[in-house]
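Just below is one structure, and these are the notes that go with it.
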Amino acid sequence: MRQLKRYRSSSWGGELNRHRGGTKNLDAYLLYLRGVAATLRNTKASLDAASEFLDQAISLDPNFGLAISQLAFAMVVATDNNFLRPTVGYERARLLAQRALESSPDLATAHAVLQYVQRTLDWDWVAAEAEGQRALAIDPTNSGALLAAGILSYTLGRWDDAEQYLSSALVRDPLNAFVLWNLGTAYYFSGRLKDAEATYRRLLAIAPEFLWTRSFLAKTLLVDGRPDEALVIVQQEVDEAHRMLFLPSILTALGRHSEADEALGVQIKDNEASYYVALNYAYRGDTDLALLWLERAYDNKHHGLTQMVGEPLFNKVADDPRYKAFLQKMGLPSR
């Protein structure tokens, strides 16, 4: 019992003093670790569990900055998955990150969450860049800060920077599914389809339940001219919304037009799928409807709009002046 008391008076998680977001409560720290593990699985059930673990950790230590910032990250992931509306989920993540910084001002992960929200909800590239620099100045080896910097870099078409940041994050956290997914996505947008495919397949081996992997691997195979393989992969996705993301385009590529129309009709009924509806219309070459749905995605603050630069499914509409004007409205570089 004396030994346990001595451990409970320690600061848990390496250099976790209060300034860096730590806790002296062992139970809170163990709940935090369970929350981190659950978030990394990236399923609906695991994200719900992560929120419960992290809420419990914070209730045990209301100033546990790492747990608060991890809950903010879990909110970001849930919103990316369309489990929460952008103005709800991302705003909650912002408030949590700010709360974490109030108790732990040198918490790089909280700055990284703020950077992500400024990128994904605010579309404020300048503010996001500055927030990311703060995170990396605090800890240039922090995998969360490197991840956020890599995501912002590929959003703006800076492929070399994205690869450098994400590869550095992977060295420090080689089993982090979010780093792997984003590295594969950076490769995809930069046109390195074989590298993207290899990275997504590596992720499938490490985290087979991870949402996004099968759908984005299927999209990569589609762009690589392998729609038959793409269909096989996407049909393995158990989550219907994620299975539908690029299915209309895959079916179109296979010449199964009536099935593609049906799949697109299902997607149109999903209020959270506006960006992907635009993408599937663009792949068909239907510029008017693609632009109509891009405007709806803009009004809905859809996170997919931060993934436009380098997206080959927009190739058929990329030369239209209206599309270029939309990129300019977003503050994104043209091709």
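Do any residues in the range 311-323 that are touching a residue at least 12 places away in the same chain (Cβ under 8 Å) and under 18 Å from LEU222 (Cα atoms) have Cβ atoms under 8 Å from those of residues that are open to solvent by 30 Å² or more (accessible area, probe 1.4 Å) and not in a helix (DSSP H, G or I), where the two are at least six apart or on different chains, and which pairs are they?
These pairs meet every condition: PRO312/GLY191; LYS316/GLY285; VAL317/GLY285.
Among (1) within 18 Å of the chain's Cα centre (by Cα); (2) free of Cβ contacts under 8 Å to residues at least 60 places away in the same chain; (3) in a helix (DSSP H, G or I); (4) under 30 Å from ASP270 (Cβ atoms), where does GLU129 come up short?
Every listed condition holds for GLU129 apart from (4).
With respect to LEU279, is the statement that it is buried (at least 22 other Cβ atoms within 10 Å of the Cβ) and closer than 27 Å to TYR90 by Cβ true?
On the way: buried (at least 22 other Cβ atoms within 10 Å of the Cβ): yes; closer than 27 Å to TYR90 by Cβ: yes.
Spelling it out, LEU279 is indeed buried (at least 22 other Cβ atoms within 10 Å of the Cβ) and closer than 27 Å to TYR90 by Cβ.
Show me the helices (runs of 4 or more DSSP H) found entirely inside the range 138-195 where at least 3 residues are modelled with pLDDT of 95 or more and closer than 17 Å to PHE73 by Cα.
Helices (runs of 4 or more DSSP H) meeting the threshold: 143-155, 177-189.
Only one of (1) under 16 Å from GLY144 (Cβ atoms); (2) at pLDDT 95 or above is not met by ALA57, so which one is it?
Of (1) under 16 Å from GLY144 (Cβ atoms); (2) at pLDDT 95 or above, only one is false for ALA57: (1).
When the residues of the range 205-215 are narrowed to those that are open to solvent by less than 10 Å² (accessible area, probe 1.4 Å) and part of a helix (DSSP H, G or I), which ends up farthest from THR252 (Cα to Cα)?
Among residues in the range 205-215 that are open to solvent by less than 10 Å² (accessible area, probe 1.4 Å) and part of a helix (DSSP H, G or I), the one farthest from THR252 (Cα to Cα) is THR213.
Whether any residue in the range 282-300 is without any contact (Cβ under 8 Å) to a residue 60 or more places away in the chain, surrounded by 16 or more Cβ atoms within 10 Å (Cβ to Cβ), touching a Gly at 6+ places or on another chain (Cβ under 6 Å) and more than 24 Å from SER46 (Cα to Cα) is what I want to check.
no
Being at pLDDT 95 or above and assigned to a loop (DSSP other than H, G, I, E, B) is the filter here, so list the residues in the range 238-272 that pass it.
LEU245, PHE246, LEU254, GLY255, ARG256
The values are calculated or read from the model by the stated rules, or taken from the named source; none is laboratory data. Predicted model, so just to flag it, every value in this text is computed and none were measured. All Cβ positions, even for glycine, are placed from backbone atoms using ideal geometry, and neighbour counts span all protein chains on display. With ligands, DNA and RNA removed, areas are computed over all heavy atoms of the protein, side chains included. Shrake-Rupley method; radii C 1.70, N 1.55, O 1.52, S 1.80 Å.
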